[in-house]
């Protein structure tokens, strides 16, 4: 199966953030169901900046969140 490209999201307000993340996660769910090998990781890189991707560190059937801002110094 070809690699699935992560979806990068940049938004300016909460309403569009929720909508964009939900749409991206739903797209990744479709890809995950085809591959049945990866979960979904939503990474917050900064204010209004996210990446939604398939991840082999997340079990299939799960979606996890990671806030990169809290882990970078």
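Which is buried (at least 16 other Cβ atoms within 10 Å of the Cβ) and free of Cβ contacts under 8 Å to residues at least 40 places away in the same chain, of 21, 9? Step through it out loud before you land on a result.
Values: 9 fails: free of Cβ contacts under 8 Å to residues at least 40 places away in the same chain.
From the options 21, 9, the qualifying one is 21.
Might you let me know whether region 43-54 holds any residue that is surrounded by fewer than 14 Cβ atoms within 10 Å (Cβ to Cβ), under 10 Å from the mean Cα position of the chain (by Cα), at pLDDT 95 or above and on the phi < 0 side of the Ramachandran plot? Steps first, answer last, please.
Step one: of region 43-54, the residues surrounded by fewer than 14 Cβ atoms within 10 Å (Cβ to Cβ) are 46-47.
From the residues that got through so far, the ones that are under 10 Å from the mean Cα position of the chain (by Cα) too are none.
Checking region 43-54: not a single residue is surrounded by fewer than 14 Cβ atoms within 10 Å (Cβ to Cβ), under 10 Å from the mean Cα position of the chain (by Cα), at pLDDT 95 or above and on the phi < 0 side of the Ramachandran plot.
Restricting the first residue to region 28-46 and requiring it to be within 12 Å of residue 9 (Cβ to Cβ), which pairs with a second residue that is assigned to a helix (DSSP H, G or I) and at pLDDT below 95 meet a Cβ separation below 9 Å and a spacing of at least six or different chains?
Listed pairs, sorted by first residue: 43/68; 44/68; 44/69; 44/70; 45/68; 45/69; 46/68; 46/69.
How many residues, within region 54-64, are touching a helix residue (DSSP H, G or I) at 6+ places or on another chain (Cβ under 7 Å) and under 19 Å from residue 23 (Cβ atoms)? Quick ask: steps written out before the conclusion?
At the first step, the residues of region 54-64 found to be touching a helix residue (DSSP H, G or I) at 6+ places or on another chain (Cβ under 7 Å) are 54, 60, 63.
If we keep only those that are under 19 Å from residue 23 (Cβ atoms) as well, we get 54, 63.
Selection size over region 54-64: 2.
The values are calculated or read from the model by the stated rules, or taken from the named source; none is laboratory data. This one's a predicted model, so the numbers in the text were calculated from it and none came from an experiment. Cβ atoms come from the backbone with ideal geometry, glycine included; neighbour counts cover every protein chain shown.
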